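Below is one structure, written out as structure tokens; comments come after it.
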Amino acid sequence: MRAGVGDIVAAALLVAVAVAVVLLTLDFPPPGQPDDPGAATFPRMVAGALAVFALLLLVQGGRSEESLPRGRALLRVVGVVVLLAIYAAVLEALGFMLATMLFLVGALLLAGMRRPLMLALMPVGVSLTLFYVFSVLLRVSLPRGVLERFIF
Amino acid sequence: MSGWAAGFEAVLDPQALFLILAGVLVGILVGALPGLSATMAVAVLLPFTFALEPVDGMMLLLGIYGGALYAGSIPAILIRAPGTPSAAATVLDGHPMSQRGRAGEALSISVVASAVGGMVGVVFLALFAPRVAEFALRFGPAEYFMLSIFALTIIASLSESAMVKGLISGTLGLLIAMIGLDPIQAFPRFAFGSVELSAGIQFIPILIGLFGVAEALRQFERLRGGVEERPALGSFRLGFDRLKRLAPTTAGSSVLGFLVGVLPGTGGDIGSFVAYNETKRFARGEKNFGRGDPRGVAAAESANNASTAGALTPTLTLGIPGDSVSAILIGAITVHGLRPGPQLFTGSPELVYGIFIGFFLVYTCLLVVGLLGIRLWVQLMRVPTRFLWPTVLVLSVVGSYALRSNPFDVLVMLLAAVLGYFMMKGGYPLAPLVIGVILGPIAESGFRRAMIISGGSFEWLLTPIPLTLLILTLASIALAALRARSGSASSA
């Protein structure tokens, strides 16, 4: 079995990670006590193992690779990741409920939901329910914004 | 015996019992939906346990897991899509049964076999685990180091014919675990001056990212709707005769499943295939297997559930997870400041024995609820799951954020999700990575302490237990390499 493009890219990345790890360990302090291998030894051992496995990947080649998405499918995957990043960024500023509602509208649109009623009801219902269950019933703290102060 | 008393007291309490029932119901709901796996259910629903008592939280998680593990067989039998990886062996005979109009019977067998397998597994767990824990009290750093290495190689070598990819996955896990203070000198490694990174990467956001969000990304890529057509179900009835004929298979597979599960790094998916193959080998009329033999369904499902209990043995006694779900359970326990390992048996007997008792009750509950609601669970497959994924994502964010009220953890989850997505695309198993993250600190501090104790020499490798583990590690690699060679030779 020959290595495919995916294997070659993966192996190159992994070797790069291994080299970076070893380079970073050069600044680690020497062991604090005699006979301790020190803070740098174990990371170097693991990085070495990673490099060896990466080379084995080239020799042996992998199986069962799925092709990466293209076109609309790719847009949907990237879209979800971007939405999640924005969601995380505005979570504390907007409060849980407002941020969640906006995220859900976006994510439902990406999932192909086109019915306006569901696009309005589901985000409101899910964010209200989750906030009530976590914050009120379970006392798990979630960021509070305008909506939370107004309702609960 | 006092451990049992403490366990009963903790579990026989209205809230704990309610959580078991609720967990089983939620688990069945989630497991029956195609695409939502048992591992994902436990990872994404983890935040519900943060504010609960440890025992109560475990009851909920075990209920969810038991329920989802059984319910994974519903889409496996009806539409050939295992709702959970460990139901893959159930497909082999379950789906042919369904094509012959015997889906109802297959589903009933699956409930009974799951429950019996789970119960047998839990009984063995309760018998074995305290002995193992007692023995493990003697383990020192050298033993823990070699155990970690053994666990990582065995899980990698059993990773669906992709040993190198499994090893890479496990090694990446070890590297991730090294971010933050090192276990002996407390030097902040790979922190780049960041306070967040010096504190180390939190385990739970990684879990949620890998098992919840990465799968959600894949589902967004495909966007499958609900399943419209359904095969004829036939009768759900299971006669006493039938049960009697399936009893030997179920019993044998349960024991076998438990034994496979006990090995660190092996869980339900491997257990069910091993039991299926052995049942087939020893059964009369093996021609019927793969063509809708009820014994195939019984073997796969009972072994699957028994090996879950088996996987809890190394998890509870050594703190070394048996599979990805037991890794999540370790995460759930450490949230409460407890550490799985032999000390847990003396330090928190109510939790350990509560888990034994509670897990048995989960399967009792599953038997009753599963059989009563069987016609209803089948309808769940019509739910268009693609509109559920946005909610799964919200739960993932809640779970990552809520533990420390820190948006940085959401970022960690997102990065783990992207990594997990590419790993799944490339055929890299995710379980070794998670187990590597847990084992990293155990392996490193074991290694360094062993070196310090032995004055800088490697002679600790030659003491009996580490040496045995070293031989087993090499043997498991050699075996996997041999199998890979014969596999590629026969396919060429």
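Taking segment B:168-198 on its own, how many of its residues are facing chain A (nearest Cβ under 9 Å) and among the acidic types (Asp, Glu)?
1
Would you check if A:Val82 is assigned to a helix (DSSP H, G or I) and either outside the structural domain of A:Leu130 (by TED's automatic domain parsing) or not hydrophobic (A, V, I, L, M, F, W, C) (or both)?
Working: assigned to a helix (DSSP H, G or I): yes; either outside the structural domain of A:Leu130 (by TED's automatic domain parsing) or not hydrophobic (A, V, I, L, M, F, W, C) (or both): no.
No; evaluated as a whole, the condition is false for this residue.
Just checking, which of B:Leu414, B:Leu439, B:Leu472 is outside any loop (DSSP other than H, G, I, E, B) and more than 30 Å from B:Phe50 (Cα to Cα)?
Being outside any loop (DSSP other than H, G, I, E, B) and more than 30 Å from B:Phe50 (Cα to Cα) holds for just one of B:Leu414, B:Leu439, B:Leu472, which is B:Leu472.
Residues checked against (1) modelled with pLDDT of 90 or more; (2) aliphatic (A, V, I, L, M):
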{"site": "B:Leu433", "(1), (2)": "yes, yes"}
{"site": "B:Gly436", "(1), (2)": "yes, no"}
{"site": "B:Arg449", "(1), (2)": "yes, no"}
{"site": "B:Gly456", "(1), (2)": "no, no"}
{"site": "B:Glu459", "(1), (2)": "no, no"}
{"site": "B:Leu462", "(1), (2)": "no, yes"}
{"site": "B:Pro466", "(1), (2)": "yes, no"}
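What number goes with the only condition from (1) more than 7 Å from chain B (Cβ to nearest Cβ); (2) touching a helix residue (DSSP H, G or I) at 6+ places or on another chain (Cβ under 9 Å); (3) of a type in the set (Lys, Arg) that A:Arg76 does not pass?
That leaves (1) as the condition not met.
So which residues in segment A:34-50 are at the interface with chain B (Cβ under 7 Å from one of its Cβ atoms) and part of a loop (DSSP other than H, G, I, E, B), if there are any at all?
Correct list: A:Asp35, A:Asp36, A:Pro37, A:Ala39.
When only residues in segment B:446-467 that are outside any loop (DSSP other than H, G, I, E, B) and facing chain A (nearest Cβ under 9 Å) count, which is surrounded by the most Cβ atoms within 10 Å (Cβ to Cβ)?
Per the stated criteria, the residue is B:Arg448.
Please specify each residue of segment B:185-213 satisfying the condition of being within 29 Å of A:Leu24 (Cα to Cα) and assigned to a helix (DSSP H, G or I).
Selection gives B:Val195, B:Glu196, B:Leu197, B:Ser198, B:Phe203, B:Ile204, B:Pro205, B:Ile206, B:Leu207, B:Ile208, B:Gly209, B:Leu210.
Residue check: is B:Leu246 modelled with pLDDT of 85 or more and among the hydrophobic types (A, V, I, L, M, F, W, C)?
Taking the combined requirement at face value, the residue satisfies it.
Could you grab me the full set of residues in segment B:404-422 that are more than 7 Å from chain A (Cβ to nearest Cβ) and either buried (at least 21 other Cβ atoms within 10 Å of the Cβ) or within 17 Å of the chain's Cα centre (by Cα) (or both)?
B:Asp409, B:Val412, B:Met413, B:Ala416, B:Ala417, B:Gly420, B:Tyr421
Among the listed residues A:Leu14, A:Leu58, A:Leu24, identify the single one that is more than 30 Å from A:Gly106 (Cα to Cα), in contact with a Pro (Cβ under 9 Å, 6 or more places away or on another chain) and either crowded, with 16+ Cβ neighbours inside 10 Å or facing chain B (nearest Cβ under 7 Å) (or both).
A:Leu24
In this structure, does A:Leu74 turn out to be without any contact (Cβ under 8 Å) to a residue 24 or more places away in the chain, assigned to a loop (DSSP other than H, G, I, E, B) and within 27 Å of the chain's Cα centre (by Cα)?
no
I want to confirm something. Restricting to segment B:444-459 and keeping residues that are among the aliphatic types (A, V, I, L, M) and touching a Pro at 6+ places or on another chain (Cβ under 6 Å), which single residue is farthest from B:Phe150 (Cα to Cα)?
Going through the qualifying residues, I end up with B:Met451.
May I ask you to list the residues in segment A:77-116 that are loosely packed, with under 14 Cβ neighbours inside 10 Å and more than 20 Å from the chain's Cα centre (by Cα)?
A:Ala93, A:Gly112, A:Arg114, A:Arg115, A:Pro116
Which one of these does B:Arg138 not meet: (1) assigned to a loop (DSSP other than H, G, I, E, B); (2) in contact with a helix residue (DSSP H, G or I) (Cβ under 7 Å, 6 or more places away or on another chain)?
It is condition (2) that B:Arg138 fails.
Regarding A:Leu119, is this residue more than 9 Å from chain B (Cβ to nearest Cβ) and crowded, with 19+ Cβ neighbours inside 10 Å?
no
Does segment B:85-92 contain any residue that is without any contact (Cβ under 8 Å) to a residue 60 or more places away in the chain, more than 14 Å from the chain's Cα centre (by Cα) and either surrounded by fewer than 24 Cβ atoms within 10 Å (Cβ to Cβ) or over 20 Å from B:Ala303 (Cα atoms) (or both)?
yes
Test each condition in (1) under 17 Å from B:Met424 (Cα atoms); (2) at pLDDT 85 or above; (3) surrounded by 13 or more Cβ atoms within 10 Å (Cβ to Cβ) for A:Leu68 and report the one that comes out false.
The failed condition is (2).
Please note which helices (runs of 4 or more DSSP H) are completely contained in segment B:266-347 and include at least 1 residues that are among the small types (Gly, Ala, Ser) and under 21 Å from the mean Cα position of the chain (by Cα).
So the answer is B:268-282, B:294-318, B:324-335.
The values are calculated or read from the model by the stated rules, or taken from the named source; none is laboratory data. Computed from a predicted structure; not experimentally measured. Ideal geometry is used to build each Cβ from the backbone, glycine not excepted, and the neighbour counts take in all protein chains shown.
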